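> Submitted below is the structure of interest, expressed as structure tokens.
No value in this document is a laboratory result; all are computed from the given coordinates. Computed from a prediction, not measured in an experiment: that's the story for all the values here. For neighbour counting, all protein chains shown are included, and Cβ atoms are generated from backbone atoms with ideal geometry for every residue, glycine included.
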Amino acid sequence: RQQSFFAARVSATMLPWKEHAASRAYPPTAFGFWSSDTCFRPPPCDATAKYIELAFDAPLPLRAVQLQMGHPDHSQDYIRNGTLEVSFGQGCNEYQALTPIAGPTVQWHGELPQPVKCVR
């Protein structure tokens, strides 16, 4: 089965590490995003305020999402306590949870009530 990647603007609330900007987390330039801004070390931070967001050029009927984290050289670099969320509105202000994120690979399949504008 062929995968489709829709045009989207990619942004993040986290600081990139070196050249690993958020824009590199999504095709066609999917090389990887790596942040130097995590909640792993002190001082404490609000992990819910840290995310990568895809804002699609046009709303789309989302039926599946696959999120792949970690790299063979950094296999422990993945989210351990997060949530995959979608937004239906143009402003991407309100989000609905789809599935927990707790490992290096996350997959979601299902039906949503309307087209999706953003994923984070």
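> At a 10 angstrom cut-off on C-beta neighbours, averaged per residue, how do the peptides 102-110, 48-56 rank from highest to lowest?
Those peptides, ordered most packed to least, come out 48-56, 102-110.
> With a 10 Å radius around each residue's Cβ, average the other Cβ atoms per peptide and rank 66-77, 85-96, highest first.
In descending order of packing, they fall as 85-96, 66-77.
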